[in-house]
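Reading through the structure tokens given below for one structure.
Throughout, read-outs are computed from the coordinates displayed, never taken from laboratory work. None of the values given here were measured: they were computed from a predicted structure. Here Cβ is always computed from backbone atoms with ideal geometry, including for glycine, and neighbour counts include all displayed protein chains.
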Amino acid sequence: MSGKSQRQRLIGNWLREQNVGSQEELVARLAQAGIAATQATVSRDLEELGAVKLRRDGAIRYVLADASAPGPSAVMLDRLLAEWVTDIIDANGLIVLRTPPGSANLVANALDRAALDGVAGTIAGDDTIFVALTQGASAAILAGQLRRRRGDG
């Protein structure tokens, strides 16, 4: 098993079995396991594994979508919309999502992975996401669907 595969397997196991709140914590755990890794390497590993940070019971931790669950990308998207999206705006053929600073990338990644009908792709800044629509898709309808997924009724 390559170093990268072994490292990612360990990280995935830790995220499924334990609360892990920071990349630095993962770097330290890897060091204890005899694997040297930088924070940048762990960051890339987390992205490749599809890990996202979620706030649960006042604590922030990394989680993985359960690949055996039905629609893991959709489930993760629903969680992120509910926990991180503060506003959903229909903006004349685009949808704009607002998040707390530093959270837009996580939500945009989940939107892209969920492959929702009508979504061509996303562009994420620090706290803002532009959702580009496919031809013929309605921003008002899709914004309403995202609001419902977020739990707005």
Determine, from the Cβ-Cβ distance of Arg113 and Arg148 and an R0 of 25 Å, the FRET efficiency 1/(1 + (r/R0)^6), rounded to the nearest 0.05.
-> 0.85
Here the FRET efficiency for Thr134 versus Ile60, based on Cβ atoms and R0 = 35 Å and rounded to 0.05, is 0.55
Binned at 5 Å starting from 0, the alpha-carbon pair-distance distribution of the stretch 72-150 in whole percents comes out as 3, 19, 31, 31, 14, 3, 0
Out of Ala74, Ala108, Ala33, a Gaussian network model of the chain with alpha-carbon springs under 10 Å gives the largest mean-square fluctuation to Ala33
For the chain, built as a Gaussian network whose Cα springs stay under 10 Å, the top-fluctuating residue of Asp126, Asp45, Asp78 | Asp126
What residue among Ile88, Ile60, Ile129 shows peak mean-square fluctuation when the chain is described by a Gaussian network model with Cα springs under 10 Å?
-> Ile60
Most positive-pole-ward Cα, Val107, Ala143, Ala91, against dipole of the stretch 72-150 from beta carbon charges = Ala143
Tell me, what ³J(HN,Hα) does each residue in the stretch 17-26 have, in order and in whole Hz, if you take phi through Karplus 6.51 cos²θ - 1.76 cosθ + 1.60 with θ = phi - 60° and put x for Gly and Pro?
-> 9, 9, 7, 10, x, 8, 5, 4, 4, 5
³J(HN,Hα) computed for each position of the stretch 117-132 - Karplus, 6.51 cos²θ - 1.76 cosθ + 1.60, integer Hz, glycine/proline x = 4, x, 9, 7, x, 10, 10, 10, x, 7, 9, 9, 10, 9, 9, 7
In debye to the nearest 20, how big a dipole does the stretch 3-63 give about its Cα centre with +1 on each Lys and Arg Cβ and -1 on each Asp and Glu Cβ?
-> 100
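Just to be sure I follow: if Rg is taken over the C-alpha atoms of the chain and Rh is the Kirkwood radius over the same atoms, what is Rg/Rh?
Reported Rg/Rh (Cα atoms, Kirkwood Rh): 1.02.
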Collect residues whose amide H, placed 1.01 Å from N in the peptide plane, falls under 5 Å from the amide H of Leu133; neighbours closer than 5 in sequence don't count.
-> Ala120
Once the Cα atoms of helix 139-150 and of the chain are each reduced to a long axis, what angle between those two axes, in degrees from 0 to 90 to the nearest 10, is obtained?
-> 50
